[in-house]
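Here is the structure we will look at, set down as structure tokens.
The values are calculated or read from the model by the stated rules, or taken from the named source; none is laboratory data. Keep in mind it's a predicted model, so treat the numbers as computed, not measured. Counting neighbours? That spans all protein chains shown, and the Cβs are built from the backbone with ideal geometry, glycine included. For accessibility, only protein heavy atoms count, side chains too; no ligands or nucleic acids. Shrake-Rupley method; radii C 1.70, N 1.55, O 1.52, S 1.80 Å.
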Amino acid sequence: MTRRKLAILVGIVIAVGAMALIFWPTSEVDDHAREDDHGKEEAATETPEGVITLSEEQISEAGIQLASVRSGAAVELVFPATVAASPTASARIDARASGVVRSVGKTLGDYVARGETVARIESADAAALASQVSAARARVSELSAAYERERRLFEENVTARQDLEAARANLSVARSELQRAQAAVAAAGVSGDGRSLAVTSPLAGRITAAPIVLGAFVDAGEELYRVVDPNGLQIEVALPSAEASRIQPGDEAVLVVGDGREIGARVRSVTPSLDPESRSATAVLSLSRGVPGLQPGAFLQARIRPSGEIDRDRIAVPEDAIQVVEGRDVIFVRTKTGFQARDVELGTRSAGQVTILSGLQEGWQIAVANAFLLKAELGKEGATHGH
């Protein structure tokens, strides 16, 4: 072999070795490749956001009940309403006689019991009533003595029977007059000294008006207090003539107070004719429970649901199906492997139902009872992924 051929062969060997060094995979490259493959596997197995995997057995054991989404929500008509006291739950307390107000026992906002004395009026009528009792009592004493005398004389055969009977009749009349005078004194609440009359409340409740002034002279029939029983309130709704025929007794309603609270109510009655001035009928609503802080004269919003009227273009679901996740309203929709949390836009609430404006489709199955367990499970999975 010539020297030239030997040099060419050595050059070829060197070139092949250099190419092998360039293209041969190093351990570092292999490690990165393995890490990339592992990351791809994790990404492939990671659960999508909002998905909860549960078997049929797990769903049954948790007591999660399902319901199908159906179109059709109850129609709600919105009207302005006013709080009023029912006739048996409000009272105006007037002065029973003319006189001077000598004591004031209650003031605005105080609670009063039925029959409780709230003020006293010094009046000539009190003296007149007291004097009638004194006169009637004296008359009874006089005729009692006369009757006893006639009875002894009759037993001694001195007087005739008709004289005894006349004495007995006169005594009976006098006793009746005394009872009447005493009843009048008791009803008027005449004081022991016979100078003042008691002003009492005919019902239990709170004082909502107290124009009474200590030391002032009042006439008989002048208003001193107004009392309202907060448990006897009713709601009056003005119904336009076009809507009045759609509202019937027994229809369900929801009242929205100023702070956003919702109160259940029911239509108790509807006036059969329209008011000649406002051209509207009045619906009277009964509250399902007492509402603290609700005062006569307050304005509310009433949402009444006419019986039998359904809006087929809207969807309503039970309130229990709505869950709040990270500030969003969601509903858990049934999937093949469990549930998917879906954001929804809520409308009005009424009688345990919530109108859904968007986010649901008819035919889907959703979690209703115990849906909060799915919310808790979603929180656990979120914490695990975050870790």
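Among the residues of the range 326-360, write down those that are in a strand (DSSP E or B), open to solvent by 20 Å² or more (accessible area, probe 1.4 Å), within 27 Å of VAL254 (Cβ to Cβ) and not small (Gly, Ala, Ser).
Within the range 326-360, ARG328, ASP329, ARG342, ASP343, GLU345, LEU346, THR348, ARG349, GLN353, LEU357 meet the criteria.
Inside the range 254-271, can you point out the residues that are part of a strand (DSSP E or B), at pLDDT below 85 and surrounded by fewer than 17 Cβ atoms within 10 Å (Cβ to Cβ)?
Passing the criteria: GLU262, GLY264.
Condition (residue is assigned to a helix (DSSP H, G or I) and either open to solvent by 60 Å² or more (accessible area, probe 1.4 Å) or within 30 Å of ALA124 (Cβ to Cβ) (or both)) applied to the range 194-210: is it met by at least one residue?
no
Check ASP329 against each of (1) under 30 Å from LEU233 (Cα atoms); (2) out of contact with any helix residue (DSSP H, G or I) (no Cβ under 6 Å at 6 or more places or on another chain); (3) not aromatic (Phe, Trp, Tyr) and name the one condition it does not meet.
(1)
Output the number of the condition that LEU274 fails; it satisfies all remaining conditions of (1) open to solvent by less than 50 Å² (accessible area, probe 1.4 Å); (2) aliphatic (A, V, I, L, M); (3) assigned to a loop (DSSP other than H, G, I, E, B).
(1)
Check VAL140, VAL100 and return the single one that is assigned to a strand (DSSP E or B), over 40 Å from the mean Cα position of the chain (by Cα), surrounded by 13 or more Cβ atoms within 10 Å (Cβ to Cβ) and hydrophobic (A, V, I, L, M, F, W, C).
None of the others qualify; the one that does is VAL100.
Please go through the range 294-339 and give me each residue that is at pLDDT below 85, small (Gly, Ala, Ser) and within 17 Å of SER71 (Cβ to Cβ), ordered by number.
GLY308, ALA316
Does ALA174 qualify as being small (Gly, Ala, Ser), open to solvent by less than 10 Å² (accessible area, probe 1.4 Å) and in a strand (DSSP E or B)?
Considered against the rule, which asks whether it is small (Gly, Ala, Ser), open to solvent by less than 10 Å² (accessible area, probe 1.4 Å) and in a strand (DSSP E or B), ALA174 comes out as no.
Being within 30 Å of SER201 (Cα to Cα) and open to solvent by less than 10 Å² (accessible area, probe 1.4 Å) is the filter here, so list the residues in the range 236-253 that pass it.
Selection gives VAL237 alone.
Within the range 220-235, restricting attention to residues that are modelled with pLDDT under 90 and of a type outside the set (A, V, I, L, M, F, W, C), which residue is most open to solvent (accessible area, probe 1.4 Å)?
ASN231
Do we have any residue at all in the range 66-78 that's more than 29 Å from the chain's Cα centre (by Cα) and of a type in the set (Asp, Glu)?
No, because not a single residue in the range 66-78 is more than 29 Å from the chain's Cα centre (by Cα) and of a type in the set (Asp, Glu).
If you scan the range 68-97, which residues turn out to be more than 30 Å from PHE217 (Cα to Cα), modelled with pLDDT under 85 and either aliphatic (A, V, I, L, M) or crowded, with 18+ Cβ neighbours inside 10 Å (or both)?
If the condition is that a residue be more than 30 Å from PHE217 (Cα to Cα), modelled with pLDDT under 85 and either aliphatic (A, V, I, L, M) or crowded, with 18+ Cβ neighbours inside 10 Å (or both), then VAL69, ALA73, ALA74, VAL75, GLU76, LEU77, VAL78 are the ones that fit.
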